[in-house]
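The values are calculated or read from the model by the stated rules, or taken from the named source; none is laboratory data. Note that the structure is predicted; figures quoted are calculated from it, not measured. Glycine also receives a Cβ, built like all others from the backbone with ideal geometry; neighbour counts cover every protein chain displayed.
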């Protein structure tokens, strides 16, 4: 286990280069199973979850090597369609491998996936979609067993625009002989990055407006080179770091168009934000203003993965902020930890009412999940005294060099492993 020790009260100043997006890299690594030739993935973040996915691919018989610029993956020797128990149970993204394994081998078996404890994240939409493609799906003894190559010639309407289900069904459909159409798919940019990888590898996927994706059947995959898109959640986290400390940061390698909802919220809080090309310049206020009502929604709405960090910002705002979490039902566990630091917040179901205080104080707090842990670290950057964030290894699932990046821009932060 690890902990972060933070001495607060230092405005951040300087520049940070952004990593590739974890939420794009993981499905792309899974999709490599569809391609029997070597693929090279550049700008791939070296994170715990990515390492675990690479380990799963190796267990399936693939060759995976880290290079100076990313990952080289050769799935030509893949021989197993059964995911390893320990690694798969630790990472929810292992579920993404059902689709490509079915598309490649016509069979897949996996334990129910793990990941952050942020509430119920059912796999029903994944499995319902696979059944609609003619796959036989059995659920028993904590495992999911799928048999049968996906059939095309179907139109699948998702009841909710689930990112994971959209990605899984896209990959399954790439192995079908006929066209598949997804109706009401998710619109997150990470899905478009997955589609770009698959198109580069010889498949044929197109969005038809905002409500449909068509996957052409009967294509064969070939080797390709793909650069993972920049991480919009990492960018957003460092933007909030500047905002909460009253600092000034230049973030290099981002995409402003992926951050519109967050930029709107941060400007409402009093931040000055400018962009030029792939650079984002953000300057935080001395003290943020309240956010009267902020609601998490599927993209292009406000991202649930930024709710925790903005919650921390609101604890120091002038006035009362209201946050509504509409994606996951148990994603306010950081609220109780922030109260240990002096935050004034009330949580009722999916809503949090936060009355801003003039200052937070250091305390020992626990990261219950990836983004909540990042939020506690951000609060510690502004708090008076010393903050200790325990279970900081959970932050490693989504951020490479988190504390080093913050130190480089003036934070007093160090890590202790035990």
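Summary table below
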quantity: Residues within the stretch 132-142 that are outside any strand (DSSP E or B) and loosely packed, with under 14 Cβ neighbours inside 10 Å, tallied; calculated: 2
quantity: Residue satisfying all of: in the stretch 200-222; within 18 Å of residue 32 (Cβ to Cβ) and surrounded by fewer than 17 Cβ atoms within 10 Å (Cβ to Cβ); modelled with the lowest pLDDT among these; calculated: 220
quantity: Residue in the stretch 165-172 that is buried (at least 17 other Cβ atoms within 10 Å of the Cβ) and in a loop (DSSP other than H, G, I, E, B) present; calculated: no
quantity: Residue 150 vs. criteria buried (at least 21 other Cβ atoms within 10 Å of the Cβ) and either more than 27 Å from the chain's Cα centre (by Cα) or under 16 Å from residue 97 (Cα atoms) (or both); calculated: yes
quantity: Criterion: in the same structural domain as residue 106 (by TED's automatic domain parsing), at positive phi and without any contact (Cβ under 8 Å) to a residue 40 or more places away in the chain - qualifying residue of 218, 200, 209; calculated: 209
quantity: Enumeration of residues in the stretch 160-185 that are touching a strand residue (DSSP E or B) at 6+ places or on another chain (Cβ under 7 Å) and without any contact (Cβ under 8 Å) to a residue 60 or more places away in the chain; calculated: 166, 179, 180, 181, 182, 183, 184, 185
quantity: Unmet criterion (only one of (1) within 24 Å of residue 20 (Cβ to Cβ); (2) assigned by TED's automatic domain parsing to the domain that holds residue 318; (3) crowded, with 18+ Cβ neighbours inside 10 Å) for residue 275; calculated: (3)
quantity: Enumeration of residues in the stretch 102-131 that are modelled with pLDDT under 90, touching a helix residue (DSSP H, G or I) at 6+ places or on another chain (Cβ under 9 Å) and either closer than 27 Å to residue 62 by Cα or not in a helix (DSSP H, G or I) (or both); calculated: 110, 111, 112, 113, 114, 115, 116, 117, 118, 121, 123
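Yes/no per residue for (1) modelled with pLDDT under 95; (2) farther than 17 Å from residue 12 by Cβ; (3) assigned to a helix (DSSP H, G or I):
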position: 353; (1), (2), (3): no, yes, no
position: 358; (1), (2), (3): no, yes, no
position: 365; (1), (2), (3): no, yes, no
position: 377; (1), (2), (3): no, no, yes
position: 396; (1), (2), (3): yes, yes, yes
position: 403; (1), (2), (3): no, no, yes
position: 406; (1), (2), (3): no, no, yes
